[in-house]
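The structure under discussion appears below in the form of structure tokens.
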Amino acid sequence: MHESRDDAGIPLGNRRALRRICQIEGSARPSPLDSSRDEQWHEIRPVGSAQSPTSSVRCTDESGSSDSCRNPGMRHRDSLRLRTRSLTEHVRTRDLPKLFRILIARLEDGNHLDQVAAEITTLLSENGWSETIYDDLFGAFTSVVFNQELVVRQQSVVPFMLLLPRLPEPAQTKVRDALLPKVLKHLTVKRPVEASRMDFFNHAEAFAALVNLEFVSTSGAITTIIALLRKPENRCAAVTMLGKTVELCLPQLTEKCDPNALAELNAALQNVTEDAFKYDINYIEDSMGWSRPQPPVSLDSTRVSSLQSSVEPKKGLVDGPTGLYAVESFLGHRQTVFAMAFDDKRNQLISGGKDGTLIAWTTDGQISETVEMARHYACSMDIHPSLQTLLVCGVAKEEASGPAGSRLLPPPCIVSYGSNGRGWKEQGLLSKETSKLVSCIKAMGGSEHAFVTGETVHTNGMEGGGQRLDERVCYYDIQNSSSFSSLQPVRQYAEHEDLITCVCLFPPNSNLFLSGSRDFTVRVWDRRVDRCIGLFGTVGKSGRLQAHDAMITCLDASDTNMILSAGMDTRILRWDFRTLSNQGGCGPVSTLQLDDSAVLKVALGGSPSTAAVSTLRGLYLVDFALSRPIARLADPFKDNRRIGRYHDLKWAGNRSILYAAGDDMRIDVYSLR
């Protein structure tokens, strides 16, 4: 007996299930959590579940109309059938789980969100809205989101989680109600404090995304995290959950949470003292504006205090700088400032903030010009001094009208601005359609119009037409193209295994440059050669050469063969280029640890051997002239205000003024004396 089919060839056998689901829609649903069995879950429920104060999932339509949340696939069925005709072949084979997996995997590229959501809606409506198809969808979703390959490739689960609010009812509620207990069950497994986070990192980020999407209340999330923080066997997961929740939901936590709940959370975090969580705690406390008792001076009391006492004699230096002193602050940005560049020719500072504004400042703090980036903000920038060109790495702006990524975002870009004597004008925009991120940029200098970048590039290779990510150092020569918008790299170096976080030039040789990465390595490149020519570092626990024990955050080099690297492992290392060999790495000349917090930026200046250093906890001036470096904490502002984390440091051309910019939206100015 042949089964009846509709005009697209889809079986009609499950149509009755759709009518049945519509009839019971709005009836009470059992809570996905068993509070009698797992007491640490008792305060956290999906927003919109039967035990929640609200009776249905919050509609994402700004009008508040319930119609907009009901079965959009039925309203647009005819038009979608034409666009998704190829999907019916998979449906005829009834291999819906595989089809769901292929569609969900495409969400790694956020630009496919609307299309994938529409195609999944069509499949749900065409196949009768049965319980079986919901199980297939949920199984496919979790198999993609909790695949450890995403962790290995450092791929966030957030682009996948953004599918949930776009699912039609009742699919949205069913997937949500099944997802939350699955996430919590995995996160509450007993683990040692130093357990590998690869096993649960995606689950922790998924938990934070559910809070961000308001599928889980912030109060319920805080209660759950507090309960887990108090249990040593759950502390590793709890700290990770809190870190990701702070990262994705900071405005919700600081603006909507009960202050008493936040105080209780802070108190629970104060009791977390294990060394394994130092960086996490620094990040959480700095983001939330919390602090724990610290020594009067944020330096290692046994190691660096002796360095401070040796500043006065300063053996080996004549009339060298003694410290950084706070002078004033420039106000103009509306959000975090990530990047700065100093124009020696025009004697002005250019800064770029997350608000998408580039500001040119006079040396006395006046705004001489503002340039608005239409759809991006600057994460890195540099000036080609002889050609008066400003190069900016652009990251897509987050949409302020809803959860992050709820609209299609443009690809990353590189923008070139030229100076015409009166201001900066855009000369060209290179849209990086195949890249996920352009993380850093450096102009090569000299007479050649060249620059180097660190990029995360989409490449084919995953099952179902998906993509994997490659990390590449790219060398560009603008003279090789008739227009900036069609520029292609002259060379691409693909030897880094993780995100490229920084690039810097090597002043003694204009052909060389260096890169640092989240893979713990510092690599040296020659633009005339198609491969890495050397690595700094020694053999680590992995059996491979590495410069640091954690992600490298910054590099800088001087005319005297000195190279500085710093990272999340809290260390600043000094290297001598002359010790580098073609056969392998080399050890550092000196190692310095300032305040047991991650180092964000190092900028050589003041003298050939001194550098300004920003950490999560402070700003320092360090002299590397001696085998035992000398460090001094920067003098505070007169009002003793707490400075934000400085993401970028830039010396003025004469090297006596330092500009520091970061989280508090200010450009802080320090003098060297």
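Applying 1/(1 + (r/R0)^6) with R0 = 30 Å to the Cβ-Cβ distance of residue 190 and residue 154 gives a FRET efficiency near 0.65.
Dipole magnitude for the range 188-288: about 300 debye, using +1 per Lys or Arg Cβ and -1 per Asp or Glu Cβ, origin at the Cα centre. Relative contact order of the range 86-180, taken over Cα pairs closer than 8 Å and 6 or more residues apart, is 34 percent. Using 32 Å as the Cα-Cα cut-off, could you pick out the over-long pairs in 185/432; 182/432; 98/278; 442/638; 182/436; 278/436? Table pairs above 32 Å Cα-Cα are 185/432; 182/432; 98/278; 442/638.
Selection among 221, 268, 193 by position relative to the dipole of the range 188-288 gives 193 as farthest towards the positive end (Cβ unit charges, Cα centre).
Hydrodynamic analysis of the range 86-180 uses the Kirkwood radius over alpha carbon pairs. Inserted into Stokes-Einstein at 20 °C and 1.002 mPa s, it gives a translational diffusion coefficient of 160 µm²/s. Here the Debye sum runs over all C-alpha atoms of the range 313-672 as equal scatterers in vacuum, and log10 of I(q)/I(0) at q = 0.12, 0.13 Å⁻¹ comes out as -0.89, -1.06. Taking each residue as 0.36 nm, the span from residue 112 to residue 258 lengthens on full extension beyond its C-alpha to C-alpha distance by 48.9 nm.
Placing a label point 7 Å from the Cα of residue 483 along the Cα-to-Cβ direction, the residues of the range 415-432 with a backbone N closer than 19 Å are 415-418, 425-432.
Dipole magnitude for the range 86-180: computed about the Cα centre from +1 point charges on Lys and Arg Cβ and -1 point charges on Asp and Glu Cβ, it is near 120 debye. Set against the 2.2 N^0.38 Å expectation for a compact globular protein, the range 188-288 has a Cα radius of gyration ratio of 0.97.
The numbers here are math on the coordinates, done by the rules we state, and not lab data. Values in this document were obtained by computation on a predicted structure and should not be read as measured data. Ideal geometry is used to build each Cβ from the backbone, glycine not excepted, and the neighbour counts take in all protein chains shown.
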